[in-house]
Amino acid sequence: MGRLHLAPQALVCKNTILEGDIRIGNGTVVHIDASIIAKNGPIIIGSNNIISDRVRIINNHTTPLVIGDNNQIETDAVIEGRGIGHKNVVQVRGKVVGTSTLGNNCVVGVMCETEPAENVPDNTILFGNPQSRRTRSDNNAEYLEVHNKHLQYVHEMLPRYNAIIGAE
């Protein structure tokens, strides 16, 4: 049996699946029906992340799977790689697979996925069908402002309609 550590301002719905050693940082939101499963190693989730409904975060590795700060992981996305940095968006049904890592300020588009053993560099966008990639040319300055407004809204609304797990 693992242990769960929730920071004081973390917001986690009761009907999520939480297994193994998991640490969830301050301000992070985990929506209903998400699964966070630390099979072989711990999962460490930073601050102010939004983890949407039906997201699956699974650590099949013995090393920690680390998710940085200010990420948005959208509905039905899968994170099974070794970790992701800060200010990333993994869109609906996007996947970080195998032993991959995702840098900072990246986007994994709808139904796109990393290569199984890839280190995706900072500012990379995976998009389209067939899948393509490009490097961001902007500094994505507006992302954090919009992300923080979204986070504030979710912190206000989610507890009104869902049972929440209390912090330690």
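The values are calculated or read from the model by the stated rules, or taken from the named source; none is laboratory data. On a predicted model such as this, the values are computed, not experimentally measured, just so you know. Note: ideal-geometry Cβ built from the backbone for every residue, glycine included; neighbour counts use all protein chains shown. Surface areas here come from the heavy atoms of the whole protein model, side chains and all, with no ligands, DNA or RNA. Shrake-Rupley method; radii C 1.70, N 1.55, O 1.52, S 1.80 Å.
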- Any chance you could count how many residues in the range 106-121 are surrounded by fewer than 20 Cβ atoms within 10 Å (Cβ to Cβ) and within 16 Å of residue 82 (Cβ to Cβ)? 6
- Message: Restricting to the range 17-52, and then to whatever is part of a loop (DSSP other than H, G, I, E, B) and open to solvent by less than 20 Å² (accessible area, probe 1.4 Å), can you tell me which residue is farthest from residue 164 (Cα to Cα)?
- Response: 41
- Message: Can you tell me which residue is surrounded by the most Cβ atoms within 10 Å (Cβ to Cβ) among those in the range 138-158 that are in a loop (DSSP other than H, G, I, E, B) and not charged (D, E, K, R)?
- Response: 140
- Query: Regarding residue 2, is this residue touching a residue at least 12 places away in the same chain (Cβ under 8 Å), at negative phi, assigned to a loop (DSSP other than H, G, I, E, B) and open to solvent by less than 30 Å² (accessible area, probe 1.4 Å)?
  - Reply: no
- If a residue has to be among the hydrophobic types (A, V, I, L, M, F, W, C) and closer than 24 Å to residue 146 by Cβ to count, how many in the range 31-65 make the cut? 7
- Message: Being open to solvent by less than 50 Å² (accessible area, probe 1.4 Å) and either aliphatic (A, V, I, L, M) or touching a residue at least 40 places away in the same chain (Cβ under 8 Å) (or both) is the filter here; which residues of the range 81-105 pass it?
- Response: 84, 89, 90, 96, 97, 102
- Note on the structure: Selection from the range 7-16 of residues of a type outside the set (Ser, Thr, Tyr) and surrounded by fewer than 21 Cβ atoms within 10 Å (Cβ to Cβ) yields 7, 8, 9, 13, 14, 15
- Message: For residue 161, only one of the following conditions fails: (1) open to solvent by less than 80 Å² (accessible area, probe 1.4 Å); (2) under 26 Å from residue 5 (Cα atoms). What is its number?
- Response: (1)
- Being within 23 Å of residue 22 (Cβ to Cβ) and outside any loop (DSSP other than H, G, I, E, B) is the filter here, so list the residues in the range 83-137 that pass it. 83, 84, 89, 90, 95, 96, 101, 102, 108
- Query: Mind checking which residues of the range 53-62 are assigned to a strand (DSSP E or B) and more than 20 Å from residue 89 (Cβ to Cβ)?
  - Reply: 59
